[in-house]
Structure formats: structure tokens, C-alpha cells
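Comments concern the structure below.
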Amino acid sequence: MDWRRDCAAIIPCKDEAATIGTLVEEVLKIVACVIVVDDGSSDSTGRIAARSGATVLRRDGHPGKGAALRAGLRHSQDQGFRWALTMDGDGQHSPSDLPRLLRAAEGMADPSLLIGNRMNNSQEMPWQRRATNRVMSWILTKLTSRDLPDTQCGLRLLNLEKAMGLGLRSSSFQIESEMLISFLAAGNEVAFVPIQTLYKLGRSKIRPFRDSILWFRWLFSAREQLAHIRRNKPLQAASSIAG
């Protein structure tokens with residue numbers, strides 16, 4: 001696979017002026033196109049990203065991470081890309097982990113969705129984030145009868161054609177869970193790849209009460225997909241790549 005030609009990186013972010021410039025420059029060493037979706041930033045995020053070499057999509061009114069990510073996926077497909085790397089813009093995902101996902105995809109027969117797995121080194125996470133991630137991953141593991149160790153990680157490699165056929169609708173942080181469950185329900189191969197766990201000081205964009213309500217509302221709406229996955233014996237386990 002020619003990743004530089006066929007893969008774009010998508011970074012949805014809001015008010016990440018402190019980190020976005022260096023992040024864009026590092027990711028451009030791996031792929032030729034970085035798309036920053038500026039989700040209504042009040043700082044210079046978009047300007048710094050553009051100056052660093054990114055294509056910037058500006059969305060006013062803060063429609064949410066899910067809406068920003070979907071906009072980036074649509075733009076990537078419209079530009080002719082076949083694959084997308086998604087990552088957060090706050091420095092919690094290291095560009096040095098991207099080649100690991102790309103190499104893992106090259107070793108799979110039919111790669112569709114690869115997700116970073118931070119849980120091998122989860123002590124680096126703030127305890128609230130660690131607890132939330134473990135609970136949500138445990139719930140989805142039980143409801144799908146799959147081993148899904150890190151359902152909330154935003155560092156992913158995905159097949160754009162398959163992703164755009166899923167009809168993703170989430171506008172907020174539940175987009176990660178919706179994407180994972182939709183890929184599985186459609187019969188696509190999903191794998192988890194160990195990555196670093198990086199957390200820096202700063203205020204999280206997650207609003208625990210509101211986002212938990214949205215997540216459980218999404219979970220209720222996905223009950224038919226979850227039942228379909230449980231019934232689908234050939235897809236009984238998601239892959240976990242060592243190393």
C-alpha cells in the first residue's frame with residue numbers, strides 16, 4: 001500500500017493552538033495530507049494548522065467532535081483518498097504510533113478498522129478517564145461477546161469506502177463507539193494495536209454527565225446492531241495485535 005498517496009490524516013480539534021502546529025508537522029512526515037477540522041475554536045488553532053501545512057475545514061458553532069470527524073471523512077473521500085488516520089489534536093496521540101497501525105494493516109487480509117489500544121499502560125491516564133474507558137469498553141465487550149479493550153480511543157486507521165457506507169450519525173464523543181459497533185455489525189474486520197498512553201495537563205473537552213447521557217442514549221439506539229453482532233458467529237472476536 002502507498003500510504004502517503006492513499007491515506008489522509010484527520011484531526012478534529014477545538015482550541016488546540018498549543019499543540020496543533022507541531023502535531024501537523026510530524027504527521028506530514030508520514031502521510032502527504034493532514035486535514036484539521038477546526039470545531040469552532042476561539043484561539044488560533046486553524047491559522048497555526050494551515051501555516052504548518054494542513055488543509056483546514058472551519059466549522060462554526062462547535063457542532064461537536066463526531067460532526068467534525070464526519071466532515072473530515074467526507075472531505076477525505078471527496079479528495080480521492082482510500083484510507084484515513086484519525087487522531088486527537090491535544091497531544092494525547094503520538095505520531096510515532098501511526099506507522100504501527102499502518103504496518104498492522106499490511107499484515108491483515110482485509111483490514112477495515114484498526115484502533116489504538118492504550119490499556120496496556122493505562123496507569124498514565126487520569127483516573128476518571130481510565131474508569132470511564134474501562135466501564136464503556138466492558139459494557140460493549142459484554143454486549144457483543146467480543147474482546148474490545150479500548151473502545152474510546154480516537155487514534156484509528158479506517159477504510160474510507162467502508163466507513164462512509166455505515167451512515168454514522170453521532171455528533172459528539174460517542175462517535176468512537178458508534179463507528180466500532182457499526183464496523184462490526186457490517187461484518188468488517190476490526191483489530192486493536194497497542195499504542196502509547198500520553199496525557200498532558202489541561203482541561204478535558206469531555207463533559208462527563210452530558211456525554212455519559214449521550215453515550216447511553218446511543219447505546220440504546222444500537223441495540224439491534226449489538227444483537228446482530230452477538231448472533232454473527234464467524235465474527236466472534238475482534239483481533240488484538242501484539243507488540
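No value in this document is a laboratory result; all are computed from the given coordinates. Predicted, not measured: the structure shown is a model, and the values here were computed from it. We place every Cβ from the backbone using ideal geometry, glycine too, and count neighbours over all the protein chains shown.
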Exercise. Tell me, which strands (runs of 3 or more DSSP E) lie completely within the stretch 22-121 with 3 or more residues that are in contact with a Ser or Thr (Cβ under 7 Å, 6 or more places away or on another chain)?
Worked result: 33-39
Exercise. Can you tell which of Thr19, Thr55 is hydroxyl-bearing (Ser, Thr, Tyr) and either touching a Lys or Arg at 6+ places or on another chain (Cβ under 9 Å) or under 17 Å from Ala163 (Cα atoms) (or both)?
Worked result: Thr19
Seminar exercise, completed: Going through (1) within 20 Å of the chain's Cα centre (by Cα); (2) farther than 24 Å from Arg169 by Cβ one by one, Leu73 fails only at (2)
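Condition check ((1) surrounded by 20 or more Cβ atoms within 10 Å (Cβ to Cβ); (2) assigned to a helix (DSSP H, G or I); (3) touching an Asp or Glu at 6+ places or on another chain (Cβ under 8 Å)) across all residues:
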residue: Leu143; (1), (2), (3): no, yes, no
residue: Cys153; (1), (2), (3): yes, no, yes
residue: Leu157; (1), (2), (3): yes, no, no
residue: Lys162; (1), (2), (3): no, yes, no
residue: Leu180; (1), (2), (3): yes, yes, no
residue: Phe183; (1), (2), (3): yes, yes, no
residue: Thr197; (1), (2), (3): yes, no, yes
For this session: Kindly indicate the residue of the stretch 167-177 that is crowded, with 17+ Cβ neighbours inside 10 Å and free of Cβ contacts under 8 Å to residues at least 60 places away in the same chain and also nearest to Asp88 (Cα to Cα) among those meeting that condition.
Result: Glu176
Seminar exercise, completed: Checking Leu85, Leu102, Leu23 in turn, the sole residue that is farther than 23 Å from Glu189 by Cβ and of a type in the set (A, V, I, L, M, F, W, C) turns out to be Leu23
